[in-house]
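**Q** Here you go, one structure.
The values are calculated or read from the model by the stated rules, or taken from the named source; none is laboratory data. Computed from a predicted structure; not experimentally measured. Please note: Cβ atoms are built from the backbone with ideal geometry, for glycine as well, and neighbour counts cover all protein chains shown.
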Amino acid sequence: MNKTENNKAWFLVLPVFVLVAFSAVIPLMTVVNYSVQDIFDQNNAYFVGAEWFREVLRDPRLHDSLLRQFIYSFAVLAIEIPLGIGVALMMPTKGRMASLCLILLAIPLLIPWNVVGTIWQIFGRGDIGLFGAALNGLGIDYNYASNPADAWATVLLIDVWHWTSLVALLCYSGLRAIPEAFYQAAEIDRASKWAVFRYIQLPRLKSVLVIGVLLRFMDSFMIYTEPFVLTGGGPGNSTTFLSQTLTKMAVGQFDLGPAAAFSLVYFLIVLLVSWLFFTTITHMDKAK
Amino acid sequence: MAEIHLKSLAHSYFPNPATSADYAIREMDHVWHQGGAYALLGPSGCGKSTLLNIISGLLQPSEGEVLFDKVRVNEMPPKERNIAQVFQFPVVYDSMTVYDNLAFPLRNAKVPEARVRAKVNEVAEILELHEVLHNKARNLSADEKQKVSMGRGLVRDDVSAILFDEPLTVIDPHLKWKLRRKLKQIHEQFNITMIYVTHDQLEASTFADKIAVMYGGQIVQFGTPRELFESPNHTFVGFFIGSPGMNLIEVRRSEGGVSFDDIQIPLSDELNAYLADIPSYNLKIGIRPEFVHVWDKPVDDAYATELISHEDLGTHKILTLRLGNQSIKARLDEDRELPEGKVYISFPQQWVKLYVDEFLIEERS
Ligand SMILES: Nc1ncnc2c1ncn2[C@@H]1O[C@H](COP(=O)(O)OP(=O)(O)O)[C@@H](O)[C@H]1O
Ligand SMILES: [Mg+2]
């Protein structure tokens, strides 16, 4: 290999390096800094080692919200991924209807989180909300403010309403990339609709689904605004997820040390789960 | 098993075709008999793939009917027509192994697994795929993919017909030859109608009993390789079949025959009588290089030509000669010496073909 040594080239990397330093590395290091010290004021900081981590990992509030968080993210994926695939499969492939569907699907994605929360907060109310009133009118006792199950269902529904489109759009683009020849061959080979899905469409959706699952996992695992706007994490603690617990700790009680330690643990969990998922999938690919 | 009849068939990819140029298939009537080994030969873009897709049911013809054993099947999907088709660009299901690929058409029809195994192994043996049988299809080389694609057509021996759309394009010549022989054997063994699309005349004539030559959306001639060679009924067939193709010369009517550049070509009385009655001015004569007689010395009735170039092909030579302003190709057998100076040639009358508006005028005698 003929490689030209030119150390000036490093200067070209500098802008990116600076950008990443300010946007990611320095904030993260600040958090690390907080997580290992007990800071009273500018001049009184004591190194406490892993003390905050130990405290945080033993905190039952966190155990509860972590469990809740995993169940929630799992439910989100279990609903949104199949639903998104289904919607993508049913969408028209060309013509005006296709464009119309794309626009309709894109609309929820454009609405900010807090607005979505507010919309549903009103929509779901038993007295003035269309959804809540309709359910109550049908004789279903629905009240997200007092019934934990209803609150849960509503927070789930919000996410499904908000983000299934993303999965559907990803899948739609994946489906459009399958050459017509595959469908023709399958037709000649007498494949059933299911066989076409299982052996032609699904394998070719894999890469977009990996992206979809990762995005939806990370995003739902960090959910904050919707339950906060809807019920403030209630009733009780039933819809208090990890990020809200963290916020309460950091902003509400100003326990910066434990909150920093907790942030790092949180960050590592997201990283670990994503990594596990990604390596499993890519590993499956390599197997003959 | 079926006889496939294309009745007044035409197809256009445009919703409202106006001129004949809008048609990929121009109106045709054609019958593929049960059990035949056919080749569909024609240049790229002449409508071969379109025709196959219409037969298999992937495409609905815009006009006319497709009949299987006299039953109209226009609206019937490929599944019910029970036809196998091998595509020009190989399709493999890349998440499956080679074995599962080959088994796919059988499993879809709920064939018992023991029989699937037997058929798949048989076909893998024929196509020399047994070594990669349990590999994922995605990792195959281009020619292996083409073989898998072909194998999926061959595992089904209960089909009405197998359609091959240029199935061997990326396979190396030696294996290609072997596979063609295997196809022929399979054909004889199972008596399945096979239609083999190609743009290579050699491939067509080694595979098929009868060749359909397609040009501009129509089958211009359907016959044995010999018929296509000896009496091409369209100038395109003359030009396309044979290597080199037929000598085709534009001519004018003249006393007792036709002429070009002051060169007289006498014709039979029958053709002369025919010519006298028709208005067309698009006249051509055609003669195969193989039938041009090359003399060693000047003789009566021979035309004196100039030798422009020659090609030595081992078994024979191809001479390029100038007669008038026309260039004429002639074949000279290996044992003959290359003539020096002027070359004297003559056109045996039985091999001089007359074309009016590009179509052959057949002589009864
Ligand atoms: N899907 C299509 N839409 C429009 N025109 C097409 C389509 N497929 C083929 N054609 C046209 O029809 C003609 C015949 O094509 P094709 O059947 O593929 O020829 P061949 O297989 O002999 O090369 C060509 O002029 C081609 O451009
Ligand atoms: Mg083609």
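**Q** Answer yes or no as to whether B:E80 is modelled with pLDDT under 95 and either away from ligand 1 (no atom under 16 Å from the Cβ) or crowded, with 18+ Cβ neighbours inside 10 Å (or both).
**A** yes
**Q** Show the residue pairs meeting these rules: Cβ distance below 6 Å; 6+ apart or different chains; first residue within segment B:278-306 and under 16 Å from B:D333 (Cα atoms); second residue β-branched (V, I, T).
**A** Pairs that qualify, where the first residue is under 16 Å from B:D333 (Cα atoms) and the partner is β-branched (V, I, T), are B:V292/B:I345; B:V294/B:I345.
**Q** Among (1) within 16 Å of ligand 1 (Cβ to nearest atom); (2) farther than 27 Å from A:K286 by Cβ; (3) part of a loop (DSSP other than H, G, I, E, B), where does B:L163 come up short?
**A** So B:L163 meets the others, but not (3).
**Q** Which pairs do you get when a residue that is on the phi < 0 side of the Ramachandran plot, found in segment A:106-118, comes within reach of a residue that is surrounded by 12 or more Cβ atoms within 10 Å (Cβ to Cβ) and assigned to a loop (DSSP other than H, G, I, E, B), reach meaning Cβ atoms under 9 angstrom, with the pair 6+ apart or on two chains?
**A** Going by the 9 Å Cβ cut-off, the qualifying pairs are A:W113/A:I223; A:W113/A:Y224.
**Q** With the checklist (1) in a helix (DSSP H, G or I); (2) free of Cβ contacts under 8 Å to residues at least 40 places away in the same chain in hand, flag the one item B:S149 doesn't pass.
**A** B:S149 satisfies all of (1) in a helix (DSSP H, G or I); (2) free of Cβ contacts under 8 Å to residues at least 40 places away in the same chain except (2).
**Q** Give me a count of the residues in segment B:181-232 that are among the hydroxyl-bearing types (S, T, Y), under 16 Å from B:F164 (Cβ atoms) and without any contact (Cβ under 8 Å) to a residue 60 or more places away in the chain.
**A** Adding up the residues that qualify gives 1.
**Q** Next question, about the same structure. Which ones in segment B:189-220 are closer than 16 Å to B:M28 by Cβ and within 16 Å of ligand 1 (Cβ to nearest atom)?
**A** Selection gives B:I195, B:V197, B:I211, B:A212, B:V213, B:M214, B:Y215, B:G216, B:G217, B:Q218, B:I219, B:V220.
**Q** I would also like to ask the following. Report, by residue number, each residue of segment B:252-298 that is part of a strand (DSSP E or B), within 20 Å of B:E362 (Cβ to Cβ) and more than 28 Å from the chain's Cα centre (by Cα).
**A** Result: B:R253, B:G257, B:V258, B:I265, B:P266.
**Q** Looking at (1) under 24 Å from B:E166 (Cβ atoms); (2) in contact with a Pro (Cβ under 9 Å, 6 or more places away or on another chain), which one does B:N74 not meet, given that it meets all the others?
**A** The failed condition is (1).
**Q** Anything in segment B:18-28 that is closer than 10 Å to B:S62 by Cα and either of a type outside the set (A, V, I, L, M, F, W, C) or modelled with pLDDT under 90 (or both)? List them, or say none.
**A** Residue satisfying the conditions is B:Y23 alone.
**Q** Any idea how many residues of segment B:343-365 are touching a Leu at 6+ places or on another chain (Cβ under 8 Å) and either loosely packed, with under 12 Cβ neighbours inside 10 Å or over 19 Å from B:P232 (Cβ atoms) (or both)?
**A** Residues meeting the conditions: 2.
**Q** Now, a different point. So which residues in segment A:153-203 are more than 8 Å from chain B (Cβ to nearest Cβ), aromatic (F, W, Y) and in contact (Cβ under 8 Å) with a residue 12 or more places away in the chain?
**A** Within segment A:153-203, A:W161, A:W163, A:Y172, A:Y183, A:F197 qualify.
**Q** Hey, could you check segment B:56-68 for residues that are outside any helix (DSSP H, G or I) and within 16 Å of ligand 2 (Cβ to nearest atom) and say which is farthest from the other protein chains (Cβ to nearest Cβ)?
**A** For segment B:56-68, the residue satisfying everything is B:L59.
**Q** Of all residues in segment A:260-280, which are surrounded by 19 or more Cβ atoms within 10 Å (Cβ to Cβ) and of a type in the set (F, W, Y)?
**A** A:F262, A:Y266 - these are the residues of segment A:260-280 that are surrounded by 19 or more Cβ atoms within 10 Å (Cβ to Cβ) and of a type in the set (F, W, Y).
**Q** Yes or no: segment B:32-49 includes at least one residue that is in contact with a strand residue (DSSP E or B) (Cβ under 6 Å, 6 or more places away or on another chain), within 14 Å of chain A (Cβ to nearest Cβ) and within 12 Å of ligand 2 (Cβ to nearest atom).
**A** Yes, segment B:32-49 contains a residue that is in contact with a strand residue (DSSP E or B) (Cβ under 6 Å, 6 or more places away or on another chain), within 14 Å of chain A (Cβ to nearest Cβ) and within 12 Å of ligand 2 (Cβ to nearest atom).
**Q** Which condition number in (1) of a type in the set (D, E); (2) over 23 Å from B:D157 (Cβ atoms); (3) outside any loop (DSSP other than H, G, I, E, B) is the one that B:E80 fails?
**A** (2)
**Q** How many residues, within segment B:24-55, are within 13 Å of ligand 1 (Cβ to nearest atom), surrounded by 16 or more Cβ atoms within 10 Å (Cβ to Cβ) and not in a strand (DSSP E or B)?
**A** Residues in segment B:24-55 being within 13 Å of ligand 1 (Cβ to nearest atom), surrounded by 16 or more Cβ atoms within 10 Å (Cβ to Cβ) and not in a strand (DSSP E or B): 11 in total.
**Q** Please tell me if A:Y142 is assigned to a helix (DSSP H, G or I) and more than 24 Å from the chain's Cα centre (by Cα).
**A** no
**Q** Restricting to segment B:152-192, give me the number of residues that are buried (at least 19 other Cβ atoms within 10 Å of the Cβ), within 16 Å of ligand 2 (Cβ to nearest atom) and more than 14 Å from chain A (Cβ to nearest Cβ).
**A** Within segment B:152-192, residues that are buried (at least 19 other Cβ atoms within 10 Å of the Cβ), within 16 Å of ligand 2 (Cβ to nearest atom) and more than 14 Å from chain A (Cβ to nearest Cβ) number 1.
**Q** Check off (1) outside any helix (DSSP H, G or I); (2) within 16 Å of ligand 1 (Cβ to nearest atom); (3) within 14 Å of another protein chain (Cβ to nearest Cβ); (4) touching a residue at least 24 places away in the same chain (Cβ under 8 Å) for B:Y93 and give me the number that stays unchecked.
**A** For B:Y93, the failing item is (2).
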